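A short worksheet on the structure shown next.
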Amino acid sequence: QVQLVESGGGLVQAGGSLRLSCVASGSIFSLNFMGWYRQAPGKQRELVATIFSGGSTNYADSVKGRFTISGDNAKNTVYLQMNSLKPEDTAVYYCNLFDGRKMYWGQGTQVTVSS
């Protein structure tokens, strides 16, 4: 079983920055990708960013140019640097990991951006 633990969420003013971290532990079969999703109240969970084991990344259009995903394969850790935050970025942010067999999810960390 794989466990994902997120940290770094909090309250920030619009225009500010936060850095989320997610550490994976347990029996990871073969790390394919890690990433971040978010879910705002009353909305569906949506993709924010993904980083693949080879280093390639993809982002939601709404965060391109503001958010940067990075990872450390040796530490099974993924980061999300969030700059120029907007009130519409307010959501619970979830880390995920796909190991070639199964998708795993963290418990989520709240990000609140005040206007």
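The values are calculated or read from the model by the stated rules, or taken from the named source; none is laboratory data. Computed from a predicted model, the values in this text were never measured in an experiment. Cβ placement follows ideal geometry from the backbone for every residue including glycine, while neighbour counts extend to all protein chains displayed. These area figures cover heavy atoms from the full protein model, side chains too; ligands, DNA and RNA do not enter into them. Shrake-Rupley method; radii C 1.70, N 1.55, O 1.52, S 1.80 Å.
From the list V2, V23, which one is open to solvent by 40 Å² or more (accessible area, probe 1.4 Å), on the phi < 0 side of the Ramachandran plot, hydrophobic (A, V, I, L, M, F, W, C) and in contact (Cβ under 8 Å) with a residue 40 or more places away in the chain? Walk me through how you get there before you give the answer.
Numbers: V2 fails: open to solvent by 40 Å² or more (accessible area, probe 1.4 Å).
Being open to solvent by 40 Å² or more (accessible area, probe 1.4 Å), on the phi < 0 side of the Ramachandran plot, hydrophobic (A, V, I, L, M, F, W, C) and in contact (Cβ under 8 Å) with a residue 40 or more places away in the chain holds for just one of V2, V23, which is V23.
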Worksheet item: Of all the strands (runs of 3 or more DSSP E) wholly in the range 32-73, which have at least 2 residues that are open to solvent by less than 80 Å² (accessible area, probe 1.4 Å) and under 18 Å from V5 (Cβ atoms)?
Response: 33-39, 46-52, 67-72
Worksheet item: Taking the range 28-65, which residues are among the hydrophobic types (A, V, I, L, M, F, W, C) and within 15 Å of L80 (Cα to Cα)?
Response: F33, M34, W36, L47, V48, A49, I51, F52, A60, V63
Practice prompt. Kindly list, by first and then second residue, each pair from a residue in the range 91-115 that is under 16 Å from V2 (Cβ atoms) to a residue that is outside any strand (DSSP E or B) and modelled with pLDDT of 95 or more, limited to pairs with Cβ atoms under 6 Å and residues at least 6 apart or on different chains.
Written response: Y94/G106; Y94/G108; C95/G106
